[in-house]
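Below is one structure; the comments refer to it alone.
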Amino acid sequence: MAERSHSTSFFSGRIVAYILVLPVVAYLAVFTLFPIVQDMYISISSGALFSLNNLPDFSQTLLNTAIFSVGTVAIEFVAGTLLAILLDRANKYGSFFLILLTVPLLVSPVAVGVIWLLILDPQFGPLNYLLSFFGIKGPFWVGSQNTIMLSAILASSWEETPMVMLIVYAALKSIPRQVYEAAEVDGVGLLSLYGRIILPMIKPSLAVAGLLALMISFRSFDLVYMFAINGPFAYVQTLPYLLYQAAFVSDFQQYGYALAIVVMVLALVPSYFLLRLMRIDERLGLRKREEKKRRGIGFKIPSFPSPSLPGLPKFLLSPFKYFFLAIASLIAIFPFYWVLITSLKNADELFPSGGGAVFLPTKVDLSGWATAITDMYGYIVTSLVVTLSVVVITLAFSIPAAYSISRYKTLGTKLVSWNIIVNSMPSVVFVIPFFSLVRSLGLYDTWFALIMTYPVFTVPIVTWLLIGFMEDIPKQIDEAARIDGLSPLSILYRIIIPLSKPGLVASILLTVINCWHEFLLTLILGLTVFSGKIPYGARGVTVYVANFISARGIDWSTISAAAVLISIPLIVLVVLLQRYYISGLTLGAVKS
Amino acid sequence: MKMRQSSGISTAVIAIIVVIIIAIAGIAFYVFYSTPPSQTTSSTSSTSSQSSSSGQTLTIMSISGFTDSFYKAVAQDFMAQNPGVTVNVLSAPFSGILQQEQTSLQARDSSIDIVTGTPSMIGTLAQYTLDLRPYIQSSNFNMSDIIPAMQSSNGNIALPNGTVAVKALAVMSDAMLVYYRPSVWNQYKSNLKELTTWDNFIYDESYLYNNSGYYGAFIEAATAHELWNTYIDVYAYYYHNSNLGPAQPGYGILFTSRLKPSFNSSAGVNATITLARMMSAQPDLVSSYGGFNYNNFPQYYTKGFNGKNFVMAIAWLAQFSSVNKTLNGDVAFTMLPGGYTQEGGSGAAINKYSKNPELAFKFLAFALSPGEQAKMFDVQNALPGTFSGFRYLIKEHPNLASYFAQALKAVQAGGAEPHIISSTWALIPILDNALASVLPPNQATPQQISNVLQQVANTWIPIIRHG
């Protein structure tokens, strides 16, 4: 009876599955396919796509993009992997160091720009000050054409290394301890252990970490923006920044469309390899897993060859590993400390006569904080409202879609693949069509403009994340509920959602972080600051931080306070919910 | 059976919730679209804004730290004189204002009535702003009160058909010239040459660098914008000493006619070589010039760089008051070598999509009245755009009369006319980056410099033709 009723109900089976996935499909079709088609049409019809060489600095910008991407990925990959290994071996204080080392990831890229402009200030920054103790005269980092790119790479690596570290760390944690014990018994040296056994076992995760790092650095706009407006921009601008300049400053919008196509095509390269690595069809159970590719998931303790590589010095196994972790943690949190004390310094200690850096202010001056808090009210309201709205919309779209894909394999791998491709695209690919759309709808400078466009960057990642969590819920539970007469919607509402709570918390965290940190869209689609008239004033907190330069100089106290102010809520939130955050960040990568 | 019933309810509940959400969204959009934009688009970061339920609203975009305090003060007075009118003053930094104004105007958005900016910004925005000539004629506004050099660089835009439109009014005066510290200058005066040529400037710069314990000069050469200005300063000398002819309205000294650049000439090459010599004269700073910009000039000039202070600087007059205050009066200014100054300042233009163009013009005329112009100095530490504004200030601050007289002379001098047509902002980085490739720390032969300048000219022409 129950079976029959279930099968005849309209809200059952595949129809429901398609209905559940429909909002995401419709939304992504409108907000991702339409912009891409528009980019293509205008860039081809205007001829701009075929005359990009006429765009000043195009070749130099391509070179910059390559240097920036390769440079940041190289540093992040090496540093992130080493830190992950150290963390994995640090049983005692691992969690403590993990929290410290994750801090940079939680700072908005715009605030990272402010922080590193302060650190690298040739006159009053701590880096040159410390170098002077070694008799080294530090360069004018951001001001010099020779060092501005290196400065941007350093800042970006500081921010993104924790992501690589977390992915590799999670993968290392999944390796059975017996592997290490067996290696120790066999007297395998550390270099051999990691070089020949452990790292090869987690090769897929390493590849995913590298590809994600490449995608993130390639789409980097915020940080490059902060450096480009403060130095010889021709030597640091990357393709996303050139697109912004062409479309919204120099009024070469047709070149903006053409650059969007170039950026999109280049972004497809890492996403193609990522898709291959993730083996979505296997993940969704649409194809049987290949045994030979399962390394890293189901481990078999290998028999070790005699160590041919030397063992690492013993100190890596000794308490010195904590020393290295402490140094790394210092590097991770010192820049944040610096911006915090800068926000508290008075003018004399901010710019000591004759130069130099004050590491501990003798007097606390809260005027910067007072100004920032007063000025930021409207920006904070906008960011809060938009963030909360996008969280609701993202969950409303992603939960049903993830359920449908996880349980009914709706649309096969197509939607998931599209999600991952969209997630790899820099937001500049969409920004000009979004601007046209928002303008034609009369929504320019309203909260609606942000609320309707932000989910393009949150729905794909959250859907993918929730699929991962839902896949882990045994299908037998659904079967039992179905036999008991529950409809698919009831199963989702009563069983899947409660069981996916960790995934939902992780999803909310990632969405909040994405929205709170978002810069390009609020810069382009917003004009004014919210002043009490709902829904007008679409400028978010990141714009306030980016707009810190006045004609009379730079108000470092205020801007430092603002950078701290926008970073602290997320740091607190993530420290409290660290477990969910890390699982959210690493799930897709490690499970692949 | 029980389970089935509850599942039916939950489906209904979900359906109702979805319907309610759609209904709320529909109502929100209806309310949004049914509200006239002109009454709802005012939002502000300014402290001067007040709400008005029934009157007209004007919104002005200003540059933070440059003109924002002035417009806020004028807005207060204007609202007091015009009950029912609300004036919102928004502000944005120099690095971001053009994007904000441009994006808003590209969106055909009417929320900003008055856009403001430096000469190159006004030129870039000109395609979206009103020609003010009809408003000037119908209101009998006294254009002759605006300092001509300032108006020509801040508001008179050359149109492709050869005519000149008044696209903005010069609200603030500024000039780029040479700063120096009298205390140091006088100490070494007997060994220094008068700043009549750039060769003399380099001699003095080098002498001070090598003998005084000071850097000779602060030279802004950041490619974000400043190198463009510094190059024009130097180029003016060579331009006027060549047979390239008088500057073209709107096109400045960088062109001899609309599509004929002037800098791809021996004058351009000589100016580049001179600029390279100026930078090389202080070997310590060669790798730092790209970081010397408008924003950090006050900080480095007053606090020093690498433990040393600067004697001279090529800088804007608008920054003089604050620098003078920090240095307790130990700073003075003089013309650029050759007796020129570069026209700067700020203009104000009316958005052609503005719902209140008449009111906007009325506001601009009010902002240019003597008492309001004086506020440019009183609240902004900058200089007025009108003669009557200067006269008012001299009366108001008799102790500063000589400063105002000297400043008025400087802003009237001109000679290094900037380029202010619609495509200016697109042209700036092309020249800046090309120059950076042949200036220290890079090295280039005169032939290489000539080739680079020719390439720039070739790149510029199609942009101007289509711009």
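Could you list, ordered by first residue, the pairs with Cβ atoms under 9 Å in which the first is in the range B:440-462 and more than 10 Å from every other protein chain (Cβ to nearest Cβ) and the second is among the basic types (Lys, Arg) and open to solvent by 40 Å² or more (accessible area, probe 1.4 Å), at least 6 apart or interchain?
That search, which allows pairs on different chains as well, returns B:Ala457/B:Lys260; B:Ile461/B:Lys260.
From the set of residues in the range A:516-529 that are touching a Phe, Trp or Tyr at 6+ places or on another chain (Cβ under 7 Å) and open to solvent by 10 Å² or more (accessible area, probe 1.4 Å), which is nearest to the other protein chains (Cβ to nearest Cβ)?
A:Val529
Does A:Ala111 count as surrounded by 18 or more Cβ atoms within 10 Å (Cβ to Cβ) and either basic (Lys, Arg) or closer than 27 Å to A:Ala247 by Cβ (or both)?
Details: surrounded by 18 or more Cβ atoms within 10 Å (Cβ to Cβ): yes; either basic (Lys, Arg) or closer than 27 Å to A:Ala247 by Cβ (or both): yes.
Spelling it out, A:Ala111 is indeed surrounded by 18 or more Cβ atoms within 10 Å (Cβ to Cβ) and either basic (Lys, Arg) or closer than 27 Å to A:Ala247 by Cβ (or both).
Among the residues of the range A:459-471, are any under 30 Å from B:Leu105 (Cα atoms) and part of a helix (DSSP H, G or I)?
Of the residues in the range A:459-471, the ones under 30 Å from B:Leu105 (Cα atoms) are none.
No, the conditions are met nowhere in the range A:459-471.
Mind telling me which of the residues B:Gly304, B:Gly291 ends up being within 14 Å of chain A (Cβ to nearest Cβ), without any contact (Cβ under 8 Å) to a residue 24 or more places away in the chain and either under 30 Å from A:Pro232 (Cα atoms) or not hydroxyl-bearing (Ser, Thr, Tyr) (or both)? If you could, list the steps in order and put the result at the bottom.
Numbers: B:Gly291 fails: without any contact (Cβ under 8 Å) to a residue 24 or more places away in the chain.
Result of the check over B:Gly304, B:Gly291: B:Gly304.
Can you tell me which condition B:Ser388 does not meet? The list is (1) in a helix (DSSP H, G or I); (2) among the hydroxyl-bearing types (Ser, Thr, Tyr); (3) open to solvent by 40 Å² or more (accessible area, probe 1.4 Å), and all the others hold.
Here B:Ser388 meets the rest and fails (3).
Go through the range A:462-515 and report how many residues are touching a residue at least 24 places away in the same chain (Cβ under 8 Å) and away from chain B (no Cβ under 14 Å).
28
Of all residues being open to solvent by less than 10 Å² (accessible area, probe 1.4 Å) and either of a type in the set (A, V, I, L, M) or away from chain A (no Cβ under 14 Å) (or both) in the range B:120-150, which is farthest from B:Ser346 (Cα to Cα)? Just the residue, please.
Of everything passing the filter in the range B:120-150, B:Leu132 is farthest from B:Ser346 (Cα to Cα).
Is it true that some residue in the range B:92-112 is in contact (Cβ under 8 Å) with a residue 24 or more places away in the chain, open to solvent by less than 10 Å² (accessible area, probe 1.4 Å) and over 30 Å from A:Val543 (Cβ atoms)?
no
Select, from A:Val358, A:Val364, the only residue that is more than 13 Å from chain B (Cβ to nearest Cβ) and in contact with a Pro (Cβ under 8 Å, 6 or more places away or on another chain).
On the way: A:Val364 fails: in contact with a Pro (Cβ under 8 Å, 6 or more places away or on another chain).
On inspection, the qualifying residue turns out to be A:Val358.
Within the bounds of the range B:415-429, is there any residue that is over 27 Å from B:His240 (Cβ atoms) and either in contact with an Asp or Glu (Cβ under 6 Å, 6 or more places away or on another chain) or not charged (D, E, K, R) (or both)? I'd like the intermediate steps shown before the answer.
If we filter the range B:415-429 for residues that are over 27 Å from B:His240 (Cβ atoms), which is where we start, we get none.
Scanning the range B:415-429, I find no residue that is over 27 Å from B:His240 (Cβ atoms) and either in contact with an Asp or Glu (Cβ under 6 Å, 6 or more places away or on another chain) or not charged (D, E, K, R) (or both), so the answer is no.
List the helices (runs of 4 or more DSSP H) inside the range A:215-283, counting only whole elements, that have at least 3 residues being buried (at least 24 other Cβ atoms within 10 Å of the Cβ).
On the way: elements: A:222-228, A:239-244, A:253-278, A:280-283.
Output list reads A:222-228, A:239-244, A:253-278.
Of these, B:Tyr238, B:Tyr289, B:Tyr251, B:Tyr300, which one is of a type in the set (Phe, Trp, Tyr) and open to solvent by 30 Å² or more (accessible area, probe 1.4 Å)? It would help to see each step written out before you state the result.
On the way: B:Tyr289 fails: open to solvent by 30 Å² or more (accessible area, probe 1.4 Å); B:Tyr251 fails: open to solvent by 30 Å² or more (accessible area, probe 1.4 Å); B:Tyr300 fails: open to solvent by 30 Å² or more (accessible area, probe 1.4 Å).
Answer to the selection: B:Tyr238.
Quick one: how many residues across the range A:513-542 are of a type outside the set (D, E, K, R) and either in a loop (DSSP other than H, G, I, E, B) or touching a Leu at 6+ places or on another chain (Cβ under 7 Å) (or both)?
Residues in the range A:513-542 being of a type outside the set (D, E, K, R) and either in a loop (DSSP other than H, G, I, E, B) or touching a Leu at 6+ places or on another chain (Cβ under 7 Å) (or both): 18 in total.
Kindly indicate whether B:Ser354 is without any contact (Cβ under 8 Å) to a residue 60 or more places away in the chain and among the hydroxyl-bearing types (Ser, Thr, Tyr). Give the derivation first.
Numbers: without any contact (Cβ under 8 Å) to a residue 60 or more places away in the chain: no; among the hydroxyl-bearing types (Ser, Thr, Tyr): yes.
Judged against the criteria, B:Ser354 is not a match.
Among the strands (runs of 3 or more DSSP E) lying completely within the range B:306-354, list those that include at least 3 residues that are in the same structural domain as B:Thr67 (by TED's automatic domain parsing).
Details: elements: B:310-316, B:332-334, B:346-350.
Fully inside the range B:306-354 and qualifying: B:346-350.
Among the residues of the range A:51-75, how many are in a helix (DSSP H, G or I), in contact with a helix residue (DSSP H, G or I) (Cβ under 8 Å, 6 or more places away or on another chain) and open to solvent by 30 Å² or more (accessible area, probe 1.4 Å)?
To start, the set of residues in the range A:51-75 that are in a helix (DSSP H, G or I) comprises A:52-54, A:58-75.
Filter again for in contact with a helix residue (DSSP H, G or I) (Cβ under 8 Å, 6 or more places away or on another chain), leaving A:52-54, A:58-62, A:64-65, A:67-69, A:71-73, A:75.
Narrowing the set further to residues that are open to solvent by 30 Å² or more (accessible area, probe 1.4 Å) leaves A:53-54, A:59-60, A:62, A:67, A:75.
Final tally of qualifying residues: 7.
Condition first: in a helix (DSSP H, G or I), under 14 Å from B:Gly268 (Cβ atoms), among the aromatic types (Phe, Trp, Tyr) and within 14 Å of another protein chain (Cβ to nearest Cβ). Can you find one or more residues in the range B:419-436 that meet it?
No: zero hits.
How many of the residues in the range B:378-392 are over 21 Å from B:Gln81 (Cβ atoms) and in contact with a strand residue (DSSP E or B) (Cβ under 9 Å, 6 or more places away or on another chain)?
Step one: of the range B:378-392, the residues over 21 Å from B:Gln81 (Cβ atoms) are B:381-383, B:387, B:390-391.
From what is left, the residues that are in contact with a strand residue (DSSP E or B) (Cβ under 9 Å, 6 or more places away or on another chain) are B:382-383, B:387, B:390.
Residues that pass the stated criteria total 4.
So that you can scan it fast, the table gives a plain yes or no per residue for (1) within 21 Å of B:Pro298 (Cβ to Cβ); (2) surrounded by 24 or more Cβ atoms within 10 Å (Cβ to Cβ):
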site: B:Trp185; (1), (2): yes, no
site: B:Ala222; (1), (2): yes, yes
site: B:Leu227; (1), (2): yes, yes
site: B:Asn243; (1), (2): no, no
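Assuming A:Phe448 fulfils every condition listed in (1) within 14 Å of another protein chain (Cβ to nearest Cβ); (2) open to solvent by less than 10 Å² (accessible area, probe 1.4 Å) apart from one, which condition is it?
Single failed check for A:Phe448: (2).
Among residues belonging to the range A:93-131 that are farther than 29 Å from A:Glu518 by Cα and modelled with pLDDT of 90 or more, point out the one that is nearest to the other protein chains (Cβ to nearest Cβ).
Here the answer is A:Asn128.
Can you find a residue that is within 14 Å of another protein chain (Cβ to nearest Cβ), part of a helix (DSSP H, G or I) and within 20 Å of A:Ile534 (Cβ to Cβ) anywhere in the range A:393-400?
yes
With touching a Cys at 6+ places or on another chain (Cβ under 9 Å), over 26 Å from A:Ser217 (Cα atoms) and surrounded by fewer than 23 Cβ atoms within 10 Å (Cβ to Cβ) as the only criterion, which of A:Leu388, A:Leu384, A:Leu395 stands out? Talk me through it step by step, then tell me what you get.
Values: A:Leu384 fails: touching a Cys at 6+ places or on another chain (Cβ under 9 Å); A:Leu395 fails: touching a Cys at 6+ places or on another chain (Cβ under 9 Å).
Of the residues listed, the single one that is touching a Cys at 6+ places or on another chain (Cβ under 9 Å), over 26 Å from A:Ser217 (Cα atoms) and surrounded by fewer than 23 Cβ atoms within 10 Å (Cβ to Cβ) is A:Leu388.
Quick check: anything in the range A:427-442 within 14 Å of chain B (Cβ to nearest Cβ) and in a loop (DSSP other than H, G, I, E, B)? I'd like the intermediate steps shown before the answer.
So in the range A:427-442, the residues within 14 Å of chain B (Cβ to nearest Cβ) come out as A:428, A:431-442.
With in a loop (DSSP other than H, G, I, E, B) added as a condition, the list becomes A:441-442.
Within the range A:427-442 (the criterion being within 14 Å of chain B (Cβ to nearest Cβ) and in a loop (DSSP other than H, G, I, E, B)), the answer is yes, since at least one residue qualifies.
Please give the number of the condition A:Ala209 fails out of (1) over 30 Å from A:Gly356 (Cβ atoms); (2) at pLDDT below 90; (3) of a type in the set (A, V, I, L, M).
(2)
The values are calculated or read from the model by the stated rules, or taken from the named source; none is laboratory data. Keep in mind that what you see is a predicted model, and the values were worked out from it rather than measured. Glycine also receives a Cβ, built like all others from the backbone with ideal geometry; neighbour counts cover every protein chain displayed. Ligands, DNA and RNA are excluded from the accessible area calculation, which covers all protein heavy atoms including side chains. Shrake-Rupley method; radii C 1.70, N 1.55, O 1.52, S 1.80 Å.
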